[in-house]
Amino acid sequence: MRQSSSTKSFKIPASLEMEVNKKLVSEGYGLRGKSKWICDSIEKFLTFSDKDFVIDCIELSEELENLNKSISFRPTEKVDHLLDEWVVYVRVRMPTIEGLKSKIIRTAIFHNLLGSIESINKISA
């Protein structure tokens, strides 16, 4: 999948960045594969079959505080499209939510760190 020519930025807690870097290395992406890992995380999260679960997770991510570390990545065209699609979908359900695209990205990363999507898929199978 081709990468977009633009970059996206979002903020996470500094402690979460350390966990992301550990996960990048442990999964074989390496520190230079951060954009690919983030894109894979977003794609896995936003293509999960239970859309209500995804919405609930995004809503719960409002609780995250200390967003003091800025991260940039280069999304693929597919991830750009998924993000745009989900922003519209979530806005219909929660019109007052702010910083939605960043919340979606943070939530996807958090769920990849926890391995929650894989766990739910295994339980469902």
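Every read-out reported here was derived from the displayed coordinates using simple, explicitly stated rules and does not represent laboratory data. Remember, predicted model here, so these are calculated numbers, not experimental data.
Structure data summary
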{"read-out": "The stretch 49-116: C-alpha pair distances exceeding 20 Å, %", "value": "27 percent"}
{"read-out": "Mean separation of Cα contacts under 8 Å, 6 or more apart, over the residue count of the chain: relative contact order %", "value": "43 percent"}
{"read-out": "Within the chain, helix-based [θ] at 222 nm, where runs of 4 or more DSSP H residues each add -39,500 (n - 2.57), nearest 500", "value": "-19500 deg cm²/dmol"}
{"read-out": "Stretchable slack from Leu31 to Ser9, in nm (0.36 nm times residue separation minus alpha-carbon distance)", "value": "6.2 nm"}
{"read-out": "Spread of Cα-to-Cα distances over 10 Å intervals beginning at zero, given as percent, for the stretch 23-88", "value": "18, 42, 38, 2"}
{"read-out": "Gain in span if fully extended, Arg91 to Leu67, counting 0.36 nm per residue against the direct Cα distance", "value": "6.4 nm"}
{"read-out": "Candidates Thr47, Thr76, Thr96: whichever shows maximal mean-square fluctuation once the chain is modelled as a Gaussian network with Cα springs under 10 Å", "value": "Thr96"}
